[in-house]
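Working notes for the structure below.
Bear in mind these aren't lab numbers, they're just calculated from the coordinates by the rules spelled out. As the structure is a computational prediction, the values presented were derived from the model and not from experiment. Here the Cβ is made from the backbone with ideal geometry for all residues, glycine too, and neighbour counts use every protein chain on show.
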Amino acid sequence: MNRISLYLLTAFCMIALLPGVSSAKTDLKLQLNKGARHIYVISQENQAIENDKAVEVEQKIALTIDHQVKDRLPNGNYLIELAFKRFSISMKHSQRKLRYDSDTVDVMNPLYKTLNFLTEIKLTYEVSPEGVVSKMKGFEPVKKEIEKNVQLGNLLRNFGNELYYAELYNYIPRKEVEVGEKWKATAVLPDINDLKCDIQYTLKEVSPQQIKIAQEATFKMATDLPTAPDGTVSKVSENGTQKGSLIIDPKTNMRQSSKLTQSVNVLMTSEKNKQSQEKGRTLKLITQTTFALVKK
């Protein structure tokens, strides 16, 4: 064996003995302490494109939530209190504009009477270290208001559905994972008629400062609308994608920030009889949702 071959063999043997060279597994289970507090601002922007032309509709929503760990229970779960602290919305359609901010008392604003109850909402629930939410209480006032006002349900979409908050920890896998590994979780899409879909997560990066996770999903559905008084039958089909990323705190495995883009293609066709079928109307809905940790 010549000197160069001996050097390379020695080098490879030393590399094999170095700690951390083999793929390390990462445990993403929640590691929280009693009294831990995370305040997030959840922002959502919606854009519509009809028949390949942008629709003059703008909708921006922001909700501030205060997430506090009240206790660590004997069963190992964390007792969480999640309070709605601030809600704002900005809507624009053609020349009409509407704005609401819970931090501004404006009884003349038509949205004030509809939305001012939101900042009184406090949810309590248990969450396991694996991210499974149970025994959620406190969402009843939202349900009652939406039952009285269907338009409110359409306005709040995700924020008005308790499933949205039950899936805050959906990114947590049931086992330790390594960089490059993928796992799936089932999610419900409140804005797509509570459609169930599988979200695929991928562990992209692990460092002492942050953990980065990518997520993506595809989904589709079709439904028949109620027959119109003139006998017209309409069918709606939807298909879409979700793509985004999450930044996780490696000390607690709580979300630090995230960004998700959801794109949905909607096709609606109508027919009064088999001989007369209207050309399909297409609509593309793009929703961008971001989480930002503003206080810890």
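Placing unit charges on each Cβ (+1 for Lys and Arg, -1 for Asp and Glu) gives the range 27-295 a dipole about its Cα centre, and among PHE159, LEU267, VAL294 the Cα reaching farthest toward its positive end belongs to VAL294.
Given a Förster radius of 41 Å and the C-beta distance between LYS34 and VAL150 as r, what FRET efficiency does 1/(1 + (r/R0)^6) yield to the nearest 0.05?
Numbers: r = 41 Å, r/R0 = 0.99.
Once rounded, the FRET efficiency stands at 0.50.
Summary value for the chain: 17 percent relative contact order, contacts being C-alpha pairs under 8 angstrom separated by 6+ residues. Distance between the 7 Å Cα→Cβ label points at ASN75 and LEU195: 3.3 nm. Summing Cβ point charges (Lys, Arg +1; Asp, Glu -1) relative to the Cα centre of the range 144-250 gives a dipole of roughly 140 debye.
Label point of VAL294 set 7 angstrom out along Cα-Cβ; within the range 97-117, amide nitrogens under 19 Å from it belong to 99-106, 115-117.
Compute the Cα gyration tensor for the range 34-108, then decide on rounded, prolate or oblate, letting a ≥ b ≥ c be the square roots of its eigenvalues: rounded whenever a/c is under 1.5, prolate when a/b is larger than b/c in the other cases, and oblate in all that remain. It comes out oblate by the Cα gyration axes. In this simple spin-label model, placing a label point 7 Å from the Cα along the Cα-to-Cβ direction at both GLU120 and GLU58 gives a separation of 3.3 nm.
Dipole check for the chain: with +1 at the C-beta of Lys and Arg, -1 at the C-beta of Asp and Glu, and the Cα centre as origin, the magnitude is about 460 Debye. Computed over the chain with a Gaussian network model linking Cα atoms closer than 10 Å, the most mobile of LEU118, LEU285, LEU73 is LEU73. Overall, the anisotropy analysis places the range 49-167 in the prolate class: the square-rooted eigenvalues a ≥ b ≥ c of its C-alpha gyration tensor yield a/c not less than 1.5, with a/b exceeding b/c.
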